[in-house]
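Derivation of every value follows stated rules applied to the coordinates shown; laboratory data play no part. As the structure is a prediction and not an experimental result, all values here were calculated from the model. Reconstructed Cβ throughout: ideal geometry from the backbone, glycine too, with neighbour counts over all protein chains shown.
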Amino acid sequence: MNVYFACSITGGREAETAYHTIVATLQADGHIVPTAHLSQPDVIELEAVVDPQEVYTRDIDWINACQALIAEVSTPSHGVGYEISYALCIGKPVLCCYQQSKPVSKMISGNTHPALNLKTYQSHAELEHIVREFIAGITSSTQESDSFDMSNITRNL
């Protein structure tokens, strides 16, 4: 599965170990993470050389191509909020996870969109479980929709 990972870059890197846990979990399970570099300590230097328009176009293209978006939202970020909103608007399932001890924006916690999942975690092991459970839910709902019973439709043709 192609999974877009979103996290704070310039807003703060306090949750960097959690970023690494999410990306490592996804990659260990065989998922494609086009934004895996965001979990790296040198991401600010890597992204500094990229033009803002190029970042916007690249990231929107990646969100369009993904099957889901996972965001670590313990550290506030305008960009992450934008990415979450965009993904929801185009029908992508979104997981927002954050450290239980951190406050999260009410624009996230108050959002009742059915494709938005908001989860807290206390440990990296719990975070791994949350990520895997979210992906499993997407996989099972995709399989259910793939096995949709067409008999009623084809009978009327």
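An ellipsoid equivalent to the stretch 1-82, defined through the eigenvalues of its Cα gyration tensor, has semi-axes of 18, 16, 12 Å when rounded to whole angstrom and sorted largest first.
Once C-alpha pairs closer than 8 Å and six or more residues apart are averaged by separation and normalised to the residue number of the chain, the relative contact order reads 25 percent. For the residues Tyr19, Tyr56, Tyr121, a GNM of the chain with alpha-carbon springs under 10 Å puts the largest fluctuation on Tyr56. Between Thr17 and Lys106, the contour length at 0.36 nm per residue exceeds the Cα-Cα span by 29.6 nm. Each Cα pair of the stretch 78-126 feeds into the Kirkwood radius, which the Stokes-Einstein equation turns, at 10 °C and 1.306 mPa s, into a diffusion coefficient of 138 µm²/s. Label positions at Glu47 and Thr10, each projected 7 Å from the Cα along the C-beta direction, are separated by 0.9 nm. For the chain, the longest principal axis of the Cα atoms and the long axis of helix 16-28 meet at an angle of about 40 degrees. Sorted from greatest to least, the principal axis extents spanned by the alpha carbons of the chain come out as 59, 36, 32 Å. About the centre of its Cα atoms, the stretch 3-131 shows a dipole size close to 520 debye [charges on the beta carbon of Lys, Arg (+1) and Asp, Glu (-1) only; nearest 20 debye].
Less than 5 angstrom separates the built amide H of Asn117 from those of Val94, Leu95, Cys96, all sequence-distant by 5 or more or on a different chain.
Per residue, the chain reaches -15000 deg cm²/dmol at 222 nm when only DSSP H runs of four or more residues are counted, each adding -39500 (n - 2.57).
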